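What follows is one structure encoded as structure tokens, with my remarks underneath.
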Amino acid sequence: MSTVIPVPDDWRALFSGWDELRHGYHAGDKDETVRGCARRLGTTAPGSEGEPVLFWTLGLLVLTPYVAFGDPGPGVEAEVVAVLRRVARGDDGRTCAHGWHPYEADVDDVLEHLPAGLEVLGSPASRALDDLLPEDLLPGDHLDEFDEEAEPANLTGAEILARWQCPRTAPGFARAALDYLGATVR
């Protein structure tokens, strides 16, 4: 069964733990949770068909507030920055026909909307495309910032989905996470 974006089978449990950590009530080993996500992203080949690169990148994006402000242990931030840099360089300056991508939305808005967005993005493609609305994939506040002629306000749900599936999206979110951490791509 093909999903809209590749996700591991246990993605809901993983995401729930990450979101708990982001909100400050994760009961498990916080540093190991972050390192586990970084390791999985580090072993996932960017650009490979069927690989959940975007999912693991979004995972680190969810975890960046903890890494930035939660007093992680020694080496955690360096490990996260190293893997995010590798992913951020993954688009090698590629261009595409899209005028806008989801990583251009405000990071905090994306983080708040991500649980609902992942429900759609992690759904079987046939189900996800039924009556897909733009607000299913992006924060409504972000869509309201644009006039009716600007992207993404004038895009259909399917067109926004194409932006999520674009090979430039994971590197863009990696750059957003690095920016959140005050790091550069280099």
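The values are calculated or read from the model by the stated rules, or taken from the named source; none is laboratory data. Since the model is a prediction, treat every value here as computed from it, not as a measurement. As a convention, Cβ positions derive from the backbone with ideal geometry for all residues, glycine included, and neighbour counts pool all protein chains shown. All accessible areas refer to the heavy atoms of the entire protein, side chains included, with ligands and DNA or RNA removed. Shrake-Rupley method; radii C 1.70, N 1.55, O 1.52, S 1.80 Å.
With the full set of protein chains in place, find how many percent of the accessible area of the stretch 1-42 is carbon and sulfur; take the probe as 1.4 Å.
Percent of accessible area from carbon and sulfur atoms in the stretch 1-42: 47.
Straightening the chain between Gln165 and Glu104 buys 20.5 nm, computed as 0.36 nm per residue apart minus the Cα-Cα spacing.
Accessible surface ranking for Cys96, Cys37, 1.4 angstrom probe, highest first: Cys96, Cys37. Our coupling estimate for the stretch 20-29, obtained by passing each phi through the Karplus curve with A = 6.51, B = -1.76, C = 1.60 and θ = phi - 60°, is 4, 5, 4, 8, x, 10, 6, 8, x, 6 Hz, Gly and Pro reported as x.
Projecting label points 7 angstrom from Cα along Cα→Cβ for Thr184 and Tyr25 puts them 4.0 nm apart.
Ranked by the mean number of other Cβ atoms within 10 Å of their residues, highest first, the peptides 107-120, 160-173 fall in the order 160-173, 107-120. In this structure, the amide hydrogen of Thr3, modeled 1.01 Å from its nitrogen in the peptide plane, lies closer than 5 angstrom to those of Ala125, counting only residues at least 5 positions away or on a different chain.
Between Asp10 and Ala68, the FRET efficiency from the beta-carbon distance, with R0 = 41 Å, is close to 0.95.
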